[in-house]
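A short worksheet on the structure shown next.
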Amino acid sequence: MKDISNTNEDVAKRLKPGSTKPLYDGSNPSVASTRKKIAVIGMGYVGIPAAVLLANSGYDVIGIQRRSKRSGWKIDVLNEGRCPIGGNEPELPELLEKVVKAKKFRVTEDFSLINDADFILIDVQTPTDENHIPRYESLQEVCHQIGKYLSPGKIVIIESTVAPGTTEYLVKPILEEESGLKCGLPHGFGLCFSYERVMVGRLIHNIREYPKIVGGIDDQSTQIAIEMYNSIVKGGVYCTDPMTAEISKTVENSYRDVQIAFANEVALLCESLGTDVYEVRKFVNGLPNDPSSPGSNPVRNMHFPGAGVGGHCLPKDTWLLMYGYDKYAEVKNHYPFSVLADSRYLNDWMPIHMADLLETALKECNQEIKNSIIAVLGYAFLENSDDSRNTPTVPFIKELEKRGAKFKIHDPYIKFSEEGYQIQTDLDKVLRGCDAVVLMTKHDVYGEMTPERVQNLLRTKIIIDGRNLFDPIKFTVAGFIFKGIGKGNAKKS
Ligand code: SAJ
């Protein structure tokens, strides 16, 4: 069987735009192009870049943001044309300034201003609680609000990730109840689920370049939404139904989470077998699949093991998928699903494993972890970003606290910890007098750390590398105890 290659052309060939079923015959193309006003609800990592790109493509865009203690400050900052998202976000600050100056984009907390919007995009947070149950307070609240301003012909599009079944069975009933309208164009309102694929550090790029999937409640909703997205998306816009789109999104992220868990499990095996998982990964990913094009290796892509999986997406999307199955699957399968859940548990355990590696290293120096002082490098969940949502650094620090260790935290991009931890930006000050350095996030700035610089500051020469940044040889030759995820041979090197 010929392997599926993943070049853009192949994806485009496989996902012919709007191909899966003949849709709205386009007999009245103006139906889409006459719609010029868009409301984007939720000014976060998804809503801001989407609003800016749509405004830049000619739509009049209004951003809706609650004036909450946590995010209310963004309203004024955005209306001054300044970008509230820190870290490096190519193009976003410039484009934002441009569309605010051009009066194509403004932000308010006044929901009534969505009254004359043709499209209403929902980009609010959809977290899960400690029992992995979706917390839909924000989603339900905005749906009740939106319902009040709906009129025939308007289209509501959910971009936030939700459990399969949510668009049909949770959002649609609320909108119908609040508006008194039936869902379905042309006589009622339109409704679609079209999931975001953003990633901090490349928000604009991902929206513009990645294929966009639109799952509409009816053909007309889908077609008109596709035409709107075609104004900003170069990667192709494809259609399906809401349930398939909801499953595709949660599977897309749980697939990545399972891949990472696989890499983490192999890393643990390599540590015990005294080898380097990154060398193993190199050989595994180097196996050419298609002899005719040795370079292309679309199928084998062992992910990176590491100190944990954070962010607003991977730690919860598996549970959203499972929740949708539990709540809406008519026929349950008797097989006790485990791969997805076990991957979540393993990835959640990796910060604890980091603490184990640290404790072992301290013991090799005849030191107890209790009352030791640890330099923790990186509070963000992803390198070179200011995003600390569900960061693995928090469970790691909580484990240090449990084992009686003291710690100092460094991060070049984050000043404020929702957990109340003090975060410092002076690296030498954080390293000074510590008994070990633990790398949790692979910020570029840490690449400049050399054994010489570090050994003059530390009390005990221990490095625990959670992101394969440092060269074990350089540090062990300089007399450091070096341990790392998947680094079973650090001692021998
Ligand atoms: N991570 C690893 N090993 C890897 C890749 C990532 O340990 O090989 C860790 C990272 O360190 C981080 C976490 O996983 O802590 C998440 O990293 P990420 O690169 O997946 O970043 P996200 O969560 O911002 O982005 C993901 C992406 N999903 C996929 O690639 C399938 C992005 O495309 C989605 O748009 C995003 O989730 C989302 O918003 O859903």
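The values are calculated or read from the model by the stated rules, or taken from the named source; none is laboratory data. On a predicted model such as this, the values are computed, not experimentally measured, just so you know. Virtual Cβ from ideal backbone geometry, glycine too; neighbours counted across all protein chains shown.
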Residue in the stretch 349-370 that is surrounded by 23 or more Cβ atoms within 10 Å (Cβ to Cβ) and either farther than 21 Å from ARG459 by Cβ or among the aromatic types (Phe, Trp, Tyr) (or both) present: yes
Looking at (1) assigned to a helix (DSSP H, G or I); (2) acidic (Asp, Glu); (3) within 27 Å of VAL251 (Cβ to Cβ), find the lone condition where GLU130 falls short. (1)
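Of all residues being assigned to a loop (DSSP other than H, G, I, E, B) and polar (S, T, N, Q) in the stretch 356-379, which is farthest from the chain's Cα centre (by Cα)? Just the residue, please.
Of everything passing the filter in the stretch 356-379, ASN366 is farthest from the chain's Cα centre (by Cα).
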Across the stretch 132-158, what is the total count of residues that are crowded, with 21+ Cβ neighbours inside 10 Å and in contact with a Gly (Cβ under 8 Å, 6 or more places away or on another chain)? 4
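Being assigned to a helix (DSSP H, G or I), of a type in the set (D, E, K, R) and at pLDDT 95 or above: is that true of ARG197 here? Walk me through how you get there before you give the answer.
Details: assigned to a helix (DSSP H, G or I): no; of a type in the set (D, E, K, R): yes; at pLDDT 95 or above: yes.
When the stated conditions are applied, ARG197 does not pass them.
Is it the case, given these coordinates, that VAL61 is in contact with a helix residue (DSSP H, G or I) (Cβ under 8 Å, 6 or more places away or on another chain) and without any contact (Cβ under 8 Å) to a residue 24 or more places away in the chain?
On the way: in contact with a helix residue (DSSP H, G or I) (Cβ under 8 Å, 6 or more places away or on another chain): yes; without any contact (Cβ under 8 Å) to a residue 24 or more places away in the chain: no.
No: the conditions fail for VAL61.
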Could you tell me whether the stretch 270-278 includes any residue that is of a type in the set (Ser, Thr, Tyr), more than 22 Å from VAL200 (Cα to Cα) and free of Cβ contacts under 8 Å to residues at least 24 places away in the same chain? no
Give me the pairs, please: first residue somewhere in the stretch 257-268 and over 11 Å from ILE485 (Cβ atoms) and part of a helix (DSSP H, G or I), second residue anywhere and within 10 Å of the ligand (Cβ to nearest atom) and not aromatic (Phe, Trp, Tyr), beta-carbon distance under 7 Å, and either six or more positions apart or on two chains. ASP257/VAL309; ASP257/LEU314; ASP257/ASN347; GLN259/HIS303; ILE260/HIS303; ILE260/VAL309; ILE260/ASN347; ALA261/ASN347
Give me the pairs: first residue in the stretch 192-206 and in contact (Cβ under 8 Å) with a residue 60 or more places away in the chain, second residue part of a loop (DSSP other than H, G, I, E, B) and near the ligand (Cβ under 6 Å from one of its atoms), beta-carbon distance under 6 Å, and six or more apart or on different chains, which are they? VAL200/LEU382
When the stretch 232-246 is checked residue by residue, the ones that are crowded, with 19+ Cβ neighbours inside 10 Å and assigned to a helix (DSSP H, G or I) are PRO242, ALA245, GLU246
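To keep it simple, each residue is scored yes or no on (1) modelled with pLDDT under 85; (2) within 12 Å of the ligand (Cβ to nearest atom); (3) assigned to a helix (DSSP H, G or I); (4) touching a helix residue (DSSP H, G or I) at 6+ places or on another chain (Cβ under 6 Å).
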position: ASN289; (1), (2), (3), (4): yes, no, no, no
position: SER293; (1), (2), (3), (4): yes, no, no, no
position: ARG300; (1), (2), (3), (4): yes, no, no, yes
position: HIS303; (1), (2), (3), (4): no, yes, no, yes
position: GLY308; (1), (2), (3), (4): no, yes, no, yes
position: ASP326; (1), (2), (3), (4): no, no, yes, no
position: VAL331; (1), (2), (3), (4): no, no, no, no
position: LEU340; (1), (2), (3), (4): no, no, yes, yes
position: LEU346; (1), (2), (3), (4): no, yes, yes, yes
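I need the full set of residues from the stretch 236-265 which are of a type in the set (Gly, Ala, Ser) and either in contact with a helix residue (DSSP H, G or I) (Cβ under 6 Å, 6 or more places away or on another chain) or more than 9 Å from the ligand (Cβ to nearest atom) (or both), in order please. Step through it out loud before you land on a result.
Initial filter on the stretch 236-265 (of a type in the set (Gly, Ala, Ser)): 236, 245, 248, 254, 261, 263.
Selection gives GLY236, ALA245, SER248, SER254, ALA261.
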Right, LEU377: away from the ligand (no atom under 12 Å from the Cβ), touching a helix residue (DSSP H, G or I) at 6+ places or on another chain (Cβ under 6 Å) and either modelled with pLDDT under 95 or within 22 Å of VAL258 (Cβ to Cβ) (or both) or not? no
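Checking the condition surrounded by fewer than 23 Cβ atoms within 10 Å (Cβ to Cβ) and under 20 Å from LYS327 (Cα atoms), which residue from ASP110, ASP129, ASP118 passes?
Just one listed residue meets the conditions, ASP129.
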Residue match in the stretch 167-175 (condition: of a type outside the set (A, V, I, L, M, F, W, C), part of a loop (DSSP other than H, G, I, E, B) and over 24 Å from ALA380 (Cα atoms)): no
Does the stretch 202-216 contain any residue that is buried (at least 20 other Cβ atoms within 10 Å of the Cβ), polar (S, T, N, Q) and out of contact with any Pro (no Cβ under 6 Å at 6 or more places or on another chain)? no
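Can you list the strands (runs of 3 or more DSSP E) lying wholly within the stretch 380-493 that have 2 or more residues being closer than 30 Å to GLU130 by Cα, modelled with pLDDT of 95 or more and more than 16 Å from the ligand (Cβ to nearest atom)?
Details: elements: 406-410, 436-439, 462-465, 481-484.
Those strands (runs of 3 or more DSSP E) span 406-410.
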